[in-house]
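One structure is given here, and the rest of the page talks about it.
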Amino acid sequence: MLKSLLRGPVLLLCAWLLALPALADDAEQKNAAKRLNELLSAANTMSATFSQMTLSSNGSSLQETTGQVTLQRPGMFRWHTDAPLEQVLISNGEKIWLYDPDLEQVTIQKLDQRLTHTPALLLSGDVSTLAENFSINWKEGSAVDDFVLSPKASDSMFETLRLSFRNGVINDMQLNDPIGQRTNILFQGVKLNEPVDASQFNFQVPDGVDVISE
């Protein structure tokens, strides 16, 4: 009789103890998503220069570029990569243009609003669903916030994305793709919440350029 009376409370206690790590992980995820949302949402506009390096799976350098980026919430951005590998990537929040001057070609497609498909949307888009899209690991220092995001979707264009903030301002990001390549982007001269020219988020196709619509 005593054994039967104890069995219920003991089983409940065991179940509760086993659930503690999951509860802690869930709380950590919510805190990480909340903090990242706060940092990203604080910037309605952003402009900066950037340097970008892509490394192969064995660590050898594949490509090094520089450029300029301008973002405006929600969902508008302009990434201009300098020559000799010049490209212009522009979104007006509804569609996206990828212009390659060397190929004299522009590709136009509807903007995929999924954060896992367009990393630029993490800086310029709606970040209220971060916890739904990613598992988030957050490390906090005295003036540093580092986040590692792992997409929950199986068709993401990257396996992990690291975002690093210094004193509340984006400093760098690192993307690791499914084939083992790593892309590091360092932002410099970051300006937040200054007026930006909205016309730069629309693209006028130059004469003689091939247009590919997807």
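The values are calculated or read from the model by the stated rules, or taken from the named source; none is laboratory data. Keep in mind the model is a prediction, meaning the values are calculated, not measured. No Cβ is skipped: glycine too gets one built from the backbone with ideal geometry, and neighbour counts run over all protein chains shown. We work out accessible area using only protein heavy atoms, side chains counted, and drop any ligands, DNA or RNA first. Shrake-Rupley method; radii C 1.70, N 1.55, O 1.52, S 1.80 Å.
Scanning the stretch 88-118 for residues that are assigned to a loop (DSSP other than H, G, I, E, B) and either among the aliphatic types (A, V, I, L, M) or surrounded by fewer than 19 Cβ atoms within 10 Å (Cβ to Cβ) (or both) returns Gly93, Glu94, Pro101, Asp102, Leu103, Glu104, Leu111, Asp112, Gln113, Arg114, Leu115, His117.
Of everything listed in (1) surrounded by 15 or more Cβ atoms within 10 Å (Cβ to Cβ); (2) touching a residue at least 60 places away in the same chain (Cβ under 8 Å), the single unmet condition for Ser128 is (1). Residues of the stretch 29-87 that are more than 29 Å from Ala198 (Cα to Cα) and in a strand (DSSP E or B): Thr54, Leu55, Ser61, Leu62, Gln63. Here Gln29 meets each of (1) modelled with pLDDT of 85 or more; (2) surrounded by 13 or more Cβ atoms within 10 Å (Cβ to Cβ) with one exception, condition (1).
Looking only at residues in the stretch 192-214 that are under 15 Å from Val69 (Cα atoms) and not in a loop (DSSP other than H, G, I, E, B), the one that is least open to solvent (accessible area, probe 1.4 Å) is Phe201.
Can you name the residue in the stretch 131-143 that is of a type outside the set (Gly, Ala, Ser) and either open to solvent by less than 40 Å² (accessible area, probe 1.4 Å) or touching a Ser or Thr at 6+ places or on another chain (Cβ under 7 Å) (or both) and, of all such residues, is farthest from Met53 (Cα to Cα)?
Asn133
Of the residues making up the stretch 156-191, those that are in contact (Cβ under 8 Å) with a residue 24 or more places away in the chain, within 22 Å of Ser57 (Cα to Cα) and either outside any strand (DSSP E or B) or open to solvent by 60 Å² or more (accessible area, probe 1.4 Å) (or both) number 8. The set of residues in the stretch 69-87 that are within 15 Å of Ser41 (Cα to Cα), open to solvent by 40 Å² or more (accessible area, probe 1.4 Å) and touching a Phe, Trp or Tyr at 6+ places or on another chain (Cβ under 8 Å) contains only Gln72.
Of the residues making up the stretch 27-50, those that are closer than 19 Å to Phe147 by Cα and in contact with a helix residue (DSSP H, G or I) (Cβ under 9 Å, 6 or more places away or on another chain) are Gln29, Lys30, Ala32, Ala33, Lys34, Leu36, Asn37, Leu40, Ala43.
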